[in-house]
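The values are calculated or read from the model by the stated rules, or taken from the named source; none is laboratory data. The shown structure was predicted, so the numbers you read here are calculated from the model rather than taken from an experiment. So basically every Cβ, Gly included, is an ideal-geometry build from the backbone, and we count neighbours across all protein chains shown.
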Amino acid sequence: MTSITEIQRTANQIRANIARVIVGKSDVVDLALVALLCEGHILFEDVPGIGKTTLAKALAKSLGCEFRRIQFTPDLLPSDVTGLAVYNQKTQDFEYRAGPLMTQVLLADEINRATPRTQSALLEAMQERQITVDGATRALPRPFLVLATQNPIELEGTFPLPEAQVDRFMIKLKLGYPTQAEENAIILRFEREEPLENLAAVVDAPAITEMQRAVRAVRVEASVREYIVRVVHATRAHASVELGASPRGSLFLYRAAQALAAIRGRAFVIPDEPKYLAPFILTHRIIIGAQTRLRGRSAEQIVKEIVDSAPVPVEQ
C-alpha cells in the first residue's frame, strides 16, 4: 500500500505543478487535493475572471487522467451529458454513445446555467460513480472527480442548485481576489505564453487510486471522531440554523481530515484538521433562517461560531 511519505511527496509535486499556472492560492489547492484523495467533488463559487476554470484545468492536467469539459447552458439536455443510445442500421440494434460524463475528471463550467433536469443528470454519477441510460447502468472510470463552477453574482438566466445537488459536493471553495503583488505576477506569467498549454502530468490514475485507498487507513482517535460528530450535531441545534448538516457532512469531514493529515505527512489526525476543514465542508450544507440573514449574519459566520465554541479534545 502507498505510504504516507509517498502521498505527501505526490501532493507536493501536484502543488508545485499547479503553481506554474496559478499564483498563490496554496490553501485552495490543498483543499482540492483533499477532495481528490477522498473521492469527493468540488464546487468553485466566485465572480468571473478569478481563475476558477484555470485552476480546474491545471488540476486535471496534473493528474494525467482523462479530462472533459461541459459548458452548461439553458438548452443543454440530460442526454448531452450522459450520452444516449443510437440505432445502428447495420447491426439492427441500439448502441450506446458515451457523453462527456464518461470520463475521469469532469469540468462542469457554470453549472447553475443548466436547467434542474440537466443538473440532476449528475446526481447518480457523483454519488454512485455510475450512470443509467435507457435502463442500462454503466460504471464510470476511476478515479472520478467533478469540478463544478458557478457565478454567485450574475443570477439572470441561472437555476440555483437544489439542496440535494449541493450536498453531493464535498467541498465548496472561493478563490477570492489576488493581492497586488500576486496580480502583478499573474500578468508577467501570462505575458508571453499560456503556461497551461505546457503543463504535464505528475501522477497517473492508478497511483491516485492507490493513494485514495491508503488515506482511509489514516488513524482517527475516538476523541477526534467524537469531536467531528459534536461539531456537525451543533449545526442542527443552533438557534439560527433551520436545517443542519446531514450525516454525509460528518462522513465527509471525517474523510477530509484523514486526507489533510496524509498530505501534511502524518498517519494520524489531530483536532486541527477537522477544525480547519469544517467551514469548507459544512457551510454549504446548512440553511440559516430569514431573520438571521436580515441581521447580516452568514452561514460561514455560524459555522465558525460553532467550531470556536465546540470543546476541542486534548492529549491526556
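Filtering PHE94, PHE72 for residues that are under 30 Å from PRO178 (Cα atoms) and not hydroxyl-bearing (Ser, Thr, Tyr) leaves a single hit, PHE72. Residues in segment 160-187 that are in contact (Cβ under 8 Å) with a residue 60 or more places away in the chain and among the β-branched types (Val, Ile, Thr) were compared, and the one that is surrounded by the most Cβ atoms within 10 Å (Cβ to Cβ) is ILE171.
Out of the residues in segment 235-257 that are over 24 Å from GLN13 (Cα atoms) and among the hydrophobic types (A, V, I, L, M, F, W, C), state the one that is surrounded by the fewest Cβ atoms within 10 Å (Cβ to Cβ). I'd like the intermediate steps shown before the answer.
Narrowing segment 235-257 to residues over 24 Å from GLN13 (Cα atoms): 235-254.
Next, from what is left, pick out any that are among the hydrophobic types (A, V, I, L, M, F, W, C): 237, 239, 241, 243, 245, 251-253.
On the way: ALA237: 9, ALA239: 7, VAL241: 20, LEU243: 13, ALA245: 26, LEU251: 15, PHE252: 27, LEU253: 24.
Among them, the one singled out is ALA239.
Once segment 125-178 is narrowed to residues that are modelled with pLDDT of 85 or more and among the β-branched types (Val, Ile, Thr), the residue that is nearest to GLN71 (Cα to Cα) is THR149.
Out of PRO311, PRO279, which single residue is outside any loop (DSSP other than H, G, I, E, B) and either touching a helix residue (DSSP H, G or I) at 6+ places or on another chain (Cβ under 6 Å) or over 23 Å from ASP27 (Cα atoms) (or both)? Can you show your working first?
Values: PRO311 fails: outside any loop (DSSP other than H, G, I, E, B).
Sole residue among the options that is outside any loop (DSSP other than H, G, I, E, B) and either touching a helix residue (DSSP H, G or I) at 6+ places or on another chain (Cβ under 6 Å) or over 23 Å from ASP27 (Cα atoms) (or both): PRO279.
Across segment 116-159, what is the total count of residues that are touching a Phe, Trp or Tyr at 6+ places or on another chain (Cβ under 6 Å) and closer than 16 Å to THR82 by Cα? The total comes to 2.
Just the residues that are in contact with a Pro (Cβ under 7 Å, 6 or more places away or on another chain), small (Gly, Ala, Ser) and not assigned by TED's automatic domain parsing to the domain that holds ALA32, please, taken from segment 179-233. Scanning segment 179-233 gives a single hit, SER223. Of all residues in segment 258-276, those satisfying the criterion of being aliphatic (A, V, I, L, M), without any contact (Cβ under 8 Å) to a residue 60 or more places away in the chain and crowded, with 23+ Cβ neighbours inside 10 Å are ALA261, VAL269. When you check ALA245 against the structure, is it in a helix (DSSP H, G or I) and small (Gly, Ala, Ser), yes or no? Answer is no for this residue.
If you go through segment 285-301, how many residues are in contact (Cβ under 8 Å) with a residue 60 or more places away in the chain and surrounded by fewer than 19 Cβ atoms within 10 Å (Cβ to Cβ)? Before the answer, list the steps.
Within segment 285-301, the subset in contact (Cβ under 8 Å) with a residue 60 or more places away in the chain is 285, 287.
From what is left, the residues that are surrounded by fewer than 19 Cβ atoms within 10 Å (Cβ to Cβ) are 287.
The qualifying residues number 1.
Looking at segment 206-217, can you tell me whether even one residue there is more than 28 Å from LYS57 (Cα to Cα), over 17 Å from the mean Cα position of the chain (by Cα) and of a type outside the set (D, E, K, R)? Within segment 206-217 (the criterion being more than 28 Å from LYS57 (Cα to Cα), over 17 Å from the mean Cα position of the chain (by Cα) and of a type outside the set (D, E, K, R)), the answer is yes, since at least one residue qualifies.
Among the candidates ALA139, ALA108, the residue that is surrounded by 21 or more Cβ atoms within 10 Å (Cβ to Cβ) and among the small types (Gly, Ala, Ser) is uniquely ALA108.
Where residues in segment 183-205 are at pLDDT 85 or above and not aliphatic (A, V, I, L, M), which of them is nearest to the chain's Cα centre (by Cα)? This residue is ASP204.
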